[in-house]
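K.L.:
Structure in structure tokens, see below.
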């Protein structure tokens, strides 16, 4: 009798389990319900799979007709990431189909087709991207191609973690953006946004035990910040193709002893950046380090880090390079009202001098105040200039007084009676 009292409860639990199994084990395809013409298709597929999803398992149908489609499939964190180009596909109703993959649903092994319907609109996408999924180790670099599908310049915004920047891509051209990963391991989104088109490209960064991140503070510099400072904290350099330019880093030390610093750049920057290997910063002083930048013949966007190492500490200076054949250097592009007033001093490659410092080079106006393109030198607080001025004035006054006294004495000479003849009273 006692055992029978549990039968209704067991039956209820079993029934409940059967009801919830489809929501747990069913295959799900997550993607946008619509895409513009020429856009890059992104989809995420999750489920309890017995087989790995391959490229051949992803099909595209227009209505009930299968059409050519070349997808790419990647897996991270138990989710399959699928992307492919929709260029040449006209507006209409489409389906993305998963075929020939075994999965578990309701505790039963199945291999039925799973599909997700979507539409392609009459609108045209501004740009497409490739690849649509990026996987790399911490500190690694990657490239992503951005193709401008417009008949005019594409103004593109980049965003990855704390990094963000802008780039202009000529019409009909593809720019290879080379970026580094100043992030810890995990899944991130690289956001690419135009005026009407936006993508979030998954970036999976895997931690490697051979990579040390103890010196990285997460915002581009490392502690201790009050010992050695580098300005600007990042460099944003736009340059025409087949050109050269130079930028300067201003390094100041508050240490009571001299500091030896070594400089290096990531491999991704080596074709474009040259900098001296080392420098010595004297105690409580500052120095200026020159960086030479050379662009190649192709349009490109590159992000990497310059590493300044001293002792067991290091400072990372992100460098963003934007090379374009259509870029024209003008006075406006180097610091006039049309450009630098809408950018900070750091963004235009200058440095901000402190209240007791004076700029020895060119000074331009920036969004955050005066911007120095040279060296900031500490102004002396003594009154040596005033003392010299007063000394010179005193010498002039003394000389004038001496001259007047001499002249007056010469004009008032006493008579010499020995030279005067007198009449005799005889």
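K.L.:
Test residue 97 against the criterion of being at pLDDT 95 or above, touching a strand residue (DSSP E or B) at 6+ places or on another chain (Cβ under 6 Å) and farther than 26 Å from residue 193 by Cα, and give yes or no. Before you say what the answer is, go through the steps one by one.
P.N.:
Working: at pLDDT 95 or above: yes; touching a strand residue (DSSP E or B) at 6+ places or on another chain (Cβ under 6 Å): yes; farther than 26 Å from residue 193 by Cα: yes.
Yes.
K.L.:
Restricting attention to the range 234-257, which residues are more than 22 Å from residue 295 (Cα to Cα) and outside any strand (DSSP E or B)?
P.N.:
The answer is 254, 255, 256, 257.
K.L.:
Across the range 168-189, which residue is modelled with the lowest pLDDT among those that are crowded, with 21+ Cβ neighbours inside 10 Å and not in a loop (DSSP other than H, G, I, E, B)?
P.N.:
If we filter the range 168-189 for residues that are crowded, with 21+ Cβ neighbours inside 10 Å, which is where we start, we get 169, 175, 177, 179-182.
In the following step, the residues that additionally are not in a loop (DSSP other than H, G, I, E, B) were identified as 169, 175, 177, 179-180.
Working: 169: 89, 175: 86, 177: 82, 179: 77, 180: 70.
Among those that are crowded, with 21+ Cβ neighbours inside 10 Å and not in a loop (DSSP other than H, G, I, E, B), it is 180.
K.L.:
Can you tell me which of 80, 35, 69 is surrounded by 13 or more Cβ atoms within 10 Å (Cβ to Cβ) and outside any strand (DSSP E or B)?
P.N.:
69 is the lone residue from the list that is surrounded by 13 or more Cβ atoms within 10 Å (Cβ to Cβ) and outside any strand (DSSP E or B).
K.L.:
Mind listing just one residue for me: the one in the range 319-345 that is buried (at least 19 other Cβ atoms within 10 Å of the Cβ) and at pLDDT 55 or above and, of those, nearest to residue 365 (Cα to Cα)?
P.N.:
Among those residues, the one meeting the criterion is 345.
K.L.:
Same structure, new question: Might you check whether a residue that is surrounded by 10 or more Cβ atoms within 10 Å (Cβ to Cβ), outside any helix (DSSP H, G or I) and modelled with pLDDT under 70 occurs anywhere in the range 381-404?
P.N.:
Looking through the range 381-404, at least one residue is surrounded by 10 or more Cβ atoms within 10 Å (Cβ to Cβ), outside any helix (DSSP H, G or I) and modelled with pLDDT under 70.
K.L.:
Going through the range 124-138 one residue at a time, which ones are within 15 Å of residue 186 (Cβ to Cβ) and part of a strand (DSSP E or B)?
P.N.:
Just the residues of the range 124-138 that are within 15 Å of residue 186 (Cβ to Cβ), to begin with: 133-138.
Of everything in the range 124-138, those that are within 15 Å of residue 186 (Cβ to Cβ) and part of a strand (DSSP E or B) turn out to be 134, 135, 136, 137.
The values are calculated or read from the model by the stated rules, or taken from the named source; none is laboratory data. Every value quoted in this text rests on a predicted model; they were computed, and no experiment measured them. Note that each Cβ is placed from the backbone with ideal geometry, even for glycine, and that neighbours are counted across all protein chains shown.
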